[in-house]
Amino acid sequence: MDRSGHGIRTHGKNSEFQNELHESNRADVDMGEECKSSETSYPEKSREATESESDSWSGSASLVEKSALEINGDECQAPPEIPLVNKYEMNVDSEQESQSLNIVSVDVLGPGVPVKDGKGLFVVPAVGMEFESEEHAYKCYSRYAVMEGFSIRKDFVNKSRVTGAVVSRRFTCYRQGYRPSKHTLNTRKPRKETRTGCLAHMTIAWQPYGKFRVTNFENKHNHEFVNPSTAHLLPSQKRLAFAEAVEADLASSSGVDGVPKLGMGFESEDHAYEFYNSYAGKVGFSVRKDYVNRSKIDGAVVSRRFTCFREGFRQKDKRDLNIKRPRKETRIGCLAQLVISRQSDGSYRVTNFEEKHNHELVAACRIRMLRSQKQLVAAQIAEGNAIEGRKIQLKSAYEVSCNSIGDCVDHEYDPVDQRSKLISKCTREMRDGEAEKIQQYFQSKKVKNPSFFYAIQLDADNQIANIFWTDAKMVMDYSDFGDVLCFDTTYRINEDCRLFSPFVGVNHHKQMVIFGAALLYDETVDSFKWLFQKFLEAMSGKKPKTILTDQDEIVSEAISTILPDINQRVCVWHVYQRALKQLSHMFIGAPPFVNDLLSCFFDHEEEEDFIASWNHMMDLHGLWDNEWLNKIFETREQWAIAYKRHIFCADIKSVQLRGSFILNLKKYLKSDSDVLSFLKQLGKMVNDWHYKELEANYDMSQNMPKLMGDVILLKHARDAYTPRIFELFQQEYETCLNIVVNQCIENGSLLEYKVSIYDQPREYTVNYNLSNNTVCCSCMKFEFIGVLCSHALKVLDYSNIRLLPSQYILKRWTREARV
């Protein structure tokens, strides 16, 4: 504040001003008579809300790495009897002395002693110390307060009635006084009490020669100080840091590097969100719009907080107890945030920025899965599609010019298997031009991806009879999850009934994966033998443990010849699909029949239960005369899940129940479009499957399944299994809590337990070996699905086994299945 005008005032005015100054120095000054509101900001910085601690600053703490504003030696003056050492005037001889000052505590220093803390020079206030301006006095006292460990507040101000200039000002500790009790009577969530009646303060008064002198200084507090590590969280320090940041932002081009900074300015709230969301996309987290403070006058946003999507914790809800599948816990109390506040000019500035997260950030390849990034990704995908469309147009002329196989592919690669020609003509002929289209489609796939594999079998007339194809991703999926293979022969393309046969499986998230596919124009044994040979060739000779097929004798014969040593069983899903077609007339007027049929096929793992359910369905709906049902019942041991439970099937039937090819490709299988449209749609669907696995991997890395209780075994299983498999495991553990041990027969290290569910007659036999911690149950659920049953878990708990034995954690079901 410029004080030069005081020197030319009249003697009368100066005398009156001296009287006001004298009155202001009295200890019993009437604050209510002369105090004025301190709502105005410093004229040279035009900032609001720096006078009071009750300003609308965010309650969350920010980590301010910048130091407080330096108070240079020329900004304040000590009393004449105490010499002030300016940091620019220190010579080499005083180096040791200055180093000793660095380690001296403020508490042991006398008033007016200059102290250097490594960030700049400040002076311990004392009565008689002088400052160039009121603001300089505030900065000096604030710097001293930070070093001590408390915050300050601008309290009363006494201004001249003639000129309006500040005559005296008092700065107090932020815990001065007491909050009036009348403001908290109707408040639901009252603020925490911070004021304790502290008397520490510093009072300054204007002097006739234009400077401000300390007239009163009280350094005793009635409360504890904060730690130096948290001093930057003090309100007054935050205000000074924000003011410094704003000045730095105005002096430089902030935001060039894309990293938010304290004091950074934005034109609007949306602009700030877009900037922070863009920064989050680069770093690897999602942004959520959290708290907002709006003006009671015009409803405009006064302040807004953007947080990390893992901020806070989900509130407990009584309804969660009745939810079978609770939502996964995503919030873990992350403090990363960005707070903006509206300024007097209508713009917004960053008042708080917390950079650190308490969780792992998302990898760059998974950024597009973040919720706040999806809009940005959608725009990028649209732009990428436009570019790809232009590339396709440029390549179209080249593709049309490819009239033969040799024109487009590597001459060393020959997809046509000349040694395995059929001895007869294929049973179905291709449409006109279809062979050329199929060849061009696979040739283009091979050009784009050299690892793409396809093979063609010719018939006796050198016409295409069968085609098999796979790619590198499918081969990798088979190497990880090829222990169970489902070969499907139930799909027909168009009216020509051309057979489309995919090789499918299930991954560690219990999602469908495809290992390869074939178009068959001939359905003889020789065709299927050739197909399985090419499949093994593409998979480097690796054979599956189990193969599931339809009830087809020709396919079964081919498998027995090419894959004689693997387990083979009929897929219950295929039998169920045939049942729906054979019994379609039963769906009219009998809605319960569908549920009874579904339950009979998929809900019974015990032979007795399955037969009882089957007989009940036949009696209830009068189906004993149905020849087809009687026929499949005779072959029940080949397909019913109550039989052959020693064969591992990876619970693929549950995956097929949730979705299948027939649902996604239905319109393309029955439409009049050519086979090329079908192949393109199939490629899109496979890409969607790959994307769903990426989403599941991302979700697995960010969220942990909710535990039903604080159980060591569940924690161990949750860390090992994928969320879908852990959900299945936790259901088994919940069931085991209601299982009782009826009998235990000991035979050396072998223990035989008889267990049953409480108040149910059926007993299960569980054998437990003490020497190697192996357990085996008569229900054979682990052998069939790969997850321990509730009966085995009961025996482990009964034997005080608190960690799941490693041999019962199949790698294909774990988070590390692809490692």
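The values are calculated or read from the model by the stated rules, or taken from the named source; none is laboratory data. Predicted model, so just to flag it, every value in this text is computed and none were measured. As a convention, Cβ positions derive from the backbone with ideal geometry for all residues, glycine included, and neighbour counts pool all protein chains shown. Note: accessible area is taken over every heavy atom of the protein model, side chains too, but ligands, DNA and RNA are not part of it. Shrake-Rupley method; radii C 1.70, N 1.55, O 1.52, S 1.80 Å.
Restricted to region 685-696, and to residues there that are touching a helix residue (DSSP H, G or I) at 6+ places or on another chain (Cβ under 8 Å) and open to solvent by 30 Å² or more (accessible area, probe 1.4 Å), the residue that is farthest from Cys736 (Cα to Cα) is His690.
Restricted to region 107-176, the set of strands (runs of 3 or more DSSP E) holding at least 1 residues that are at pLDDT below 90 and open to solvent by 40 Å² or more (accessible area, probe 1.4 Å) comprises 114-116. In region 218-250, the residue that is modelled with the lowest pLDDT out of those that are outside any helix (DSSP H, G or I) and in contact with a helix residue (DSSP H, G or I) (Cβ under 9 Å, 6 or more places away or on another chain) is Leu234.
Is it the case, given these coordinates, that Phe587 is open to solvent by less than 10 Å² (accessible area, probe 1.4 Å) and hydrophobic (A, V, I, L, M, F, W, C)? No: the conditions fail for Phe587.
Cβ separations smaller than 7 Å between residues 6+ apart or across chains give the following pairs from region 686-701 residues that are under 22 Å from Gly516 (Cβ atoms) and touching a residue at least 24 places away in the same chain (Cβ under 8 Å) to residues that are open to solvent by 50 Å² or more (accessible area, probe 1.4 Å) and part of a helix (DSSP H, G or I): His690/Lys473; Leu694/Arg366.
All of Arg294, Arg342 fail the test of being among the basic types (Lys, Arg), crowded, with 17+ Cβ neighbours inside 10 Å and at pLDDT 85 or above, apart from Arg342.
The sole residue among Gln443, Gln439, Gln457 that is surrounded by 19 or more Cβ atoms within 10 Å (Cβ to Cβ), touching a residue at least 40 places away in the same chain (Cβ under 8 Å), farther than 22 Å from Ile559 by Cβ and among the polar types (S, T, N, Q) is Gln443. Based on this model, can you work out whether Ile559 counts as open to solvent by less than 10 Å² (accessible area, probe 1.4 Å), among the β-branched types (Val, Ile, Thr) and over 30 Å from Phe610 (Cα atoms)? In short, no.
Rundown of residues vs (1) more than 17 Å from His604 (Cβ to Cβ); (2) in contact with a Cys (Cβ under 6 Å, 6 or more places away or on another chain); (3) touching a residue at least 12 places away in the same chain (Cβ under 8 Å); (4) of a type outside the set (Asp, Glu), yes/no style:
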residue	(1), (2), (3), (4)
Glu746	yes, no, no, no
Tyr753	yes, yes, yes, yes
Gln760	no, no, no, yes
Glu763	yes, no, yes, no
Tyr768	yes, no, yes, yes
Asn772	yes, no, no, yes
Lys781	no, yes, yes, yes
Ile785	no, no, yes, yes
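For region 630-646, the set of residues classified as open to solvent by 20 Å² or more (accessible area, probe 1.4 Å) and either small (Gly, Ala, Ser) or assigned to a helix (DSSP H, G or I) (or both) consists of Asn630, Lys631, Phe633, Glu634, Arg636, Glu637, Gln638, listed by residue number.
Total residues in region 473-500 satisfying the condition of being open to solvent by less than 10 Å² (accessible area, probe 1.4 Å) and modelled with pLDDT of 90 or more: the figure is 8.
May I ask you to verify whether Asp699 is open to solvent by 50 Å² or more (accessible area, probe 1.4 Å) and not assigned by the TED database to the domain that holds Met474? No; evaluated as a whole, the condition is false for this residue.
The set of residues from region 398-449 being at pLDDT 50 or above and of a type in the set (A, V, I, L, M) comprises Val416, Leu422, Ile423, Met430, Ala435, Ile438, Val447.
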